[in-house]
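The values are calculated or read from the model by the stated rules, or taken from the named source; none is laboratory data. Predicted, not measured: the structure shown is a model, and the values here were computed from it. Here the Cβ positions follow ideal geometry from the backbone for every residue, glycine too, while neighbour counts run over all protein chains shown. Protein only, heavy atoms only, side chains kept; ligands, DNA and RNA dropped before computing areas. Shrake-Rupley method; radii C 1.70, N 1.55, O 1.52, S 1.80 Å.
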Amino acid sequence: MIRQWPLVGRSEELAVIAEATRAGAQRARGIVLSGSAGVGKTRVARDAVAGCGPRNARRHWIIGTASARSVPLGAFADIASDFGPDPLRRVREVIDGLIGATRDGEVIVGVDDAHLLDDLSAFTVHQLVTRRLATVILTIRSGEQPPDAITAIWKDHHLPNLELQPLSLPEIKDLVEQVLGGPVHSLCARRLWQYTEGNALYLRHLLDDEVKAGRMAQRSGVWLWDGQPRLSPTLAEFVETRIARAPRPVRDVLDALAVTEPLDTDVLAAVADPDALVEAESLGLVRIDSRARPATVRLAHPMLGEVRRTNSLRMRRLRGRIATELARRSETDPRELVRRAVLTVDSDLAPDPALLNAATWAAMQLLDLTLAETLAERAVTAGSGIEAKLTHVMALTWQERGQDAEAVLAELADQTSGPLRVQIALLRALNFAVILGQTTSAERELDEEVPAEDDAAQVLASALRALIDVVRGHAGSAVERASTILAGTPANDLAQMLSIFALVQALGELGRIDEVESVANSGYRLADRSAEVSHLRVPLAFLHAYAFRPAGALTQSDATIASIRRDTLDVPFEGSWHVAESWHAFVAGLSAMNRGSLVEARRLSQESLADVGSDHGGRMRKRFARLWLATVAGMAGEAADARREFTPIQRWDADPDARGWHAERSIAQAWVCAAEGAVSQAVSIMRDAANQERRLGRPAWEVLLLQTATQFGDHTTAPRLAELADHVQGPRAPAAAAHAAALAAGNGDELVGASRQYEAFGDRVAAADAAAQAVLAYRRAGLRGAAMNASATIQRLATECQGAQTPALRAATTPQKFTDRQHEIISLAAQGLSNKEIADRLAMSKRSVEGHLFRASQRVAANTREQLISILNGG
């Protein structure tokens, strides 16, 4: 919902204005505000007029208009309308009407669009300023020629001139979030900023129109814009005023750039008058970058293209002419290939299946998988045949739209045989294993459709079997199989990349993180030289960063995440949320969760969910984003939010053998239970999950699970963690082992030491929990000073974690009126659970629940269940 538009991003300007209007007796009071149309001069001036001077001051708001400019003193018609024939006397009467009987300094005059004042009105304003009769705040549009009397006000240094700049990206984001009353997707904010160039007036009209039309709407709690505006008549009129006086040849230049930009000057000269380009630049309608060779040309403002862009026959022909001109240049850049194809599709040219096929792979290379899907569909329609259909499948698969890809593949499987059927079987197995998580189906496709004597196909099949091992949680088998494939240096680039995927992830799960970097780097080199797998660089980077999570190598993980951002800055955006940007937000959410930046982790995870939408796409990212949302909500003690995010995940288990992600799911589930107060259940979940990881042979995940159990107060984890510390590389295992041993011994000093170890590698939530447990240990030992020092540590860490509220933190920072078990049972009762439901959750008898509630009531003299809950909540 659109709320009232606040004034955002002008605090520094308002401070300058306030100082100028408080000037002493030796100079005039006021200021001249200049800036481009729509930058916000009027709003700032109105706020300044309302806020300066004494409360009882006389305030006037004068507006200069083109229609009143031909009338002497037309701007002051409302001040005094009955004047004599003497111009100077008329000016004096206007001034008397403004000033009245007030004392010096008690009149504030705002003059909006002072460049449109007639000469006599301008002289009147000049008199008000130079004679210091009033505080005067004027606005001037940059590029216009004001009357000489107005220009003299700042040129002769009577008043300072402050040039208002467009709003910055952070200011636009802040403004839009305040107006919409909720978080705005970072990419959405950037698009709005780029599209309006920080112009507040353009933003206001654009946002109003896009929200009303439903093109900007909330998804997964985040406001998202599809980036394809339809300018309203009002906004279009604002923009068209900039080109109203431009001659037809200049408008032809604008039309060419509206079709596609940037354009090289030589291409533009082939479709428009070269002399018109010079005039377009002088009118401020285009920008020419002469640093490039040849020079490149862009529209001066993105909205200029919107008012010129149509689907008329003339514009279709223009697209065809530009596409033809680009084809003559024989560019090998994939961006130019994609641009030619897009122009051809919407032109009067006949479809070119070969161009569309090549452009589809180029779009995938540029990571624009949505555009690749569109181009592949056009290629199929143009008669490209099976090649285009298979490319279409790849675009769907790597968008994680597994069900859509399977629908196409199943149809092709029924229509093909021989080597082509084998190729389809391999693609189906890839989709089943990696995207849909259906390992049995993937294995069946490989067993039944890939001939044992087909060596080339068997190499890819083996790589897929390594991925199946990873999905099933069999890290050891995956490492053995993938290492064997890579040792043979397979000619098939996809087989090599999938093997690298499997090996990177499995090494991380085994805690062999010292080997991860070299394997991942070989994958990046492969992506650099092979167009077939170049689009897999970003998924590889996620696996690379994620491999460090269980072992706690967060510095290496963050370095990988930073590289995603760095390596994709120049990849163009082509009509959909950019895949690279979306992946970066996704992995940045992982980093924020790892380090306990709970608010940031929630924002980024919500953005990831909004990116993948509510359809069948983005299955893997959707799963992890929800798990991380549930985890960070649980860490913040927000039980209802945590449960809401976790509940859909429970319905996603299509294959019981796909246990590779169960450790992450168990961590989220345990934090949900802990936030609800069921801490013993959270501990049980962690113990069971750790035992499963031990059976699977994934020691790094076992460390993280046992560490989490220790954070929840489990005193039994020390022996196993001591064993794991000798085998799992990275800083987490020794820190968790020290934590578990200190908790079992009740040693406050050693708990503080464990807290420092956690903080050193970046796990601030675990550091806060260990410090909180140290507080309790010190209190039990009667060491009040040490307890106070540890309390200061947990306060600092909880703040750095942006509001962490874990069971350990609650126990250390709030008076404990109940035993741990009583606290747990009352917490569940507070959520509306019956005694029977509480017993089922905690694996105990209903009578035991009733007994705990009875003893808790005696302990605090409570007579009802409601009173117990109120006391627990601090009532």
At R0 = 25 Å, FRET efficiency that the Cβ-Cβ distance of H727 and A559 yields, to 0.05 | 0.50
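Between D454 and I869, 0.36 nm times their residue separation minus their Cα-Cα distance comes to what? Could the numbers behind the result be given before it?
Values: separation 415, 0.36 × 415 = 149.40 nm, distance 6.83 nm.
Taking D454 through I869 to full extension adds about 142.6 nm, to one decimal.
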One checks the Cα atoms of segment 757-875 and finds Rg and Dmax, in Å, of 16.6, 48
Stretch E279-S142 to full length: gain in nm at 0.36 nm per residue minus the Cα-Cα span?
-> 47.4 nm
Quick one: how many Å² of I435 are accessible to a 1.4 Å probe, rounded to 10?
-> 10
Put +1 on the Cβ of each Lys and Arg and -1 on the Cβ of each Asp and Glu in the chain; which of T391, S834, L412 then has its Cα farthest toward the positive end of the dipole?
-> S834
In debye to the nearest 20, how big a dipole does segment 231-309 give about its Cα centre with +1 on each Lys and Arg Cβ and -1 on each Asp and Glu Cβ?
-> 160
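What percent antiparallel are the DSSP beta bridges of the chain, to the nearest 5?
Working: 10 of 30 bridges.
Counting only bridges with both partners in the chain, antiparallel ones make up about 35 percent.
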Could you provide, to the nearest whole Å², the per residue accessible area of the chain with probe 1.4 Å?
-> 42
For the chain, the longest principal axis of the Cα atoms and the Cα long axis of helix 699-711 enclose an angle in degrees, to the nearest 10, of 80
Report the residues of segment 673-701 in range of a label on A843: point 7 Å along Cα→C-beta, backbone N strictly under 17 Å from it.
-> 673-674, 678-695
0 to 90° range, to nearest 10: angle between helix 679-696 axis and the chain longest Cα axis = 70
What order, most packed first, do the peptides 64-70, 482-488, 205-211 have when packing is the mean number of other Cβ atoms within 10 Å of each residue?
-> 205-211, 482-488, 64-70
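Mean residue ellipticity at 222 nm from the helices of the chain, using -39,500 (n - 2.57) per DSSP H segment of n ≥ 4 over the full residue count, to the nearest 500 deg cm²/dmol?
-19500 deg cm²/dmol
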Accessible area, probe 1.4 Å, largest first, for residues R316, R287, R796, R245 | R245, R287, R796, R316
Taking the Cα centre of the chain as origin, sum charge times position over the Cβ atoms of Lys and Arg (+1) and Asp and Glu (-1), and report the length of that vector in debye to the nearest 20.
-> 2760
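Of all the accessible heavy-atom surface of the chain, with the other protein chains kept in place and a 1.4 Å probe, what percent is carbon and sulfur? Please report the intermediate quantities before stating the final value.
Numbers: 18080 of 36810 Å².
That share works out to 49 percent.
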Gap in Å between the Cα centre of segment 393-414 and the Cα centre of segment 318-387?
-> 21
Please list the non-local residues whose amide H lies under 5 Å from the amide H of S34, H modeled 1.01 Å from N, same-chain partners needing a gap of 5 or more.
-> I140, L162, E163, L164
